[in-house]
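Everything below concerns the one structure shown next.
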Amino acid sequence: MSNDPFGALSKLDLMEGSTSFYSLSTLEASGVADLDRLPFSIRILLENALRHSGGPYVEEDHVQAIAAWSSTNAGADVPFMPSRVVLQDFTGVPAVVDLAAMRDGLKALGGDPNRINPVVPADLVIDHSVQVDFFGTPEAYRQNVEREF
């Protein structure tokens with residue numbers, strides 16, 4: 001399985017050193033895509049699929065399907081592999097709980113819970129902390145809220 005089935009991996013030399021990128025122009029030159037007719041949002045999905053094609057989650061057919069996108073042809077599955085996902089506490093905590101539950105379930109079945117991990121790196125951001133300064137009295141809640149705000 002190739003990591004570059006479309007031959008789109010290109011190198012760019014910069015003053016800071018060289019870097020690699022996947023060129024959508026290569027897809028266009030080979031007749032796979034007509035970039036001028038694709039909205040920028042679809043081009044982003046196309047580049048992402050191209051970058052991951054030949055790997056375990058994105059097949060060449062996915063790249064070709066995205067390249068052939070049409071506003072009247074909806075319903076196809078589109079793999080999307082961001083480099084990372086940032087979860088705010090509201091959505092991240094349930095995701096962490098689900099992950100823990102799956103690991104516990106696999107362990108209960110005799111499996112190795114370390115096998116269950118996110119495919120895409122995720123960062124959980126807690127953007128609000130609650131500090132308890134008063135406790136054990138009927139006024140504790142009110143006092144903590146007053147101090148918080």
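Below are the figures for this structure:
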| item | result |
| --- | --- |
| Max mean-square fluctuation residue, GNM over the chain, Cα-Cα springs under 10 Å, options Ala65, Ala74, Ala33 | Ala74 |
| In nm, spacing of pseudo-spin labels at Ala68 and Lys11 (7 Å Cα→C-beta vector) | 3.4 |
| Cα-projected label distance for Ser20 with Glu139, points at 7 Å along beta-carbon direction, nm | 6.7 |
| Contour excess over end-to-end distance, with Cα ends at Val130 and Leu106 and 0.36 nm allotted per residue | 5.3 nm |
| Ordering of 92-100, 44-52 by burial proxy (mean other Cβ atoms within 10 Å per residue, highest first) | 44-52, 92-100 |
| Range of Cα positions in segment 85-148 per principal axis (Å), largest first | 48, 27, 13 |
| Value of relative contact order over the chain, rounded to a whole percent, pairs C-alpha under 8 Å and six or more apart | 17 |
| Fully extended contour minus Cα-Cα distance, from Ala76 to Ala29, at 0.36 nm per residue | 14.5 nm |
| Scaled radius of gyration (Cα, divided by 2.2 N^0.38 Å) that the chain gives | 1.58 |
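None of the figures in this text is laboratory data; all of them are computed from the coordinates on show. Remember, it's a predicted structure, so these values are computed and weren't measured experimentally. Cβ: placed from backbone, ideal geometry, glycine included. Neighbour counts: every protein chain shown.
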